[in-house]
C-alpha cells in the first residue's frame, strides 16, 4: 500500500528527478508514522522514543528538501492532516486495527497518487483523481477483506459488508474504465470465497502482491 499509489502517480504523471526526494520523504514519513504509533501505543514509553524521534527528524529534513525542490507542493499538506490525525489517535487509543483507522490510512496513502502525478505533470487533472480513486477502492477493499478473513473470521455479517463493499467498488470501477470491472469482479469473488478457507495472514498477503500489480497495471493502461 505504501508503494503502489506513489508509483502509479509517478508513472502516470511522468517520472521527474523531483520524485527522488519525494519518494525518500514518503518512505521516511511512513517509518516515522509507524514509530510514533508504536510509541503512542506503548503508553509513550522512553524505550520507543529514540526511533520515533530519529524518523520524525529524518522525514522533516527530507520534507524540507522536497519543498526546496517543489515549493508549491506545500498546498497538499492540509489534505494529510485528517488521515494522519486519525491514525495517531487510533494508535494512542490502541484502536489502530479499527475499520476507521484502516480506511483513514488508506485514504492518506492514496493521496500520494495525485501528489506524485502533480510533480511529474505539473498539474492535477481528472485522470490523476480517477487513478487515486481506483487505488482507494482496491486498498479499502483489502481492509474489509483482511478483517473478514482474520479478526472477523466467522462473522457472517461482516463478511457480507466486505462483499457489499467489493460489489460497490466494481460498480464504481465501471464508471471509471470498463476493463476494471473484470478486475474488481475477481476481487469481489476473492472477498466472498477466501475468508472461509482459514488461510494464514502470510498466505493472504502473498496473494495481494499480484492483485496490487494487476490493479495498478490495468488502471494505468485503461484510465484516460
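The values are calculated or read from the model by the stated rules, or taken from the named source; none is laboratory data. A quick note: this is a predicted structure, and the numbers were derived from the prediction, not measured. All Cβ positions, glycine included, derive from the backbone under ideal geometry; neighbour counts span all protein chains shown.
Looking at region 149-160, which of the residues that are at pLDDT 95 or above and crowded, with 16+ Cβ neighbours inside 10 Å is nearest to residue 219 (Cα to Cα)?
For region 149-160, the residue satisfying everything is 159.
Inspect region 65-81 for any residue being surrounded by 20 or more Cβ atoms within 10 Å (Cβ to Cβ), under 20 Å from the mean Cα position of the chain (by Cα) and under 25 Å from residue 101 (Cα atoms) and give the result as yes or no. Don't jump to the end; show me each part of the working.
If we filter region 65-81 for residues that are surrounded by 20 or more Cβ atoms within 10 Å (Cβ to Cβ), which is where we start, we get 66.
Within this subset, residues satisfying the condition of being under 20 Å from the mean Cα position of the chain (by Cα) are none.
For region 65-81, residues surrounded by 20 or more Cβ atoms within 10 Å (Cβ to Cβ), under 20 Å from the mean Cα position of the chain (by Cα) and under 25 Å from residue 101 (Cα atoms): absent.
Suppose the filter is in contact with a helix residue (DSSP H, G or I) (Cβ under 8 Å, 6 or more places away or on another chain) and surrounded by 22 or more Cβ atoms within 10 Å (Cβ to Cβ); does residue 132 pass it?
yes
In this structure, is residue 106 under 27 Å from residue 149 (Cβ atoms), modelled with pLDDT of 95 or more and crowded, with 19+ Cβ neighbours inside 10 Å?
Answer is yes for this residue.
Name the residues in region 175-207 that are within 18 Å of residue 4 (Cβ to Cβ) and crowded, with 17+ Cβ neighbours inside 10 Å, would you?
176, 177, 180, 183, 184, 187, 190, 204
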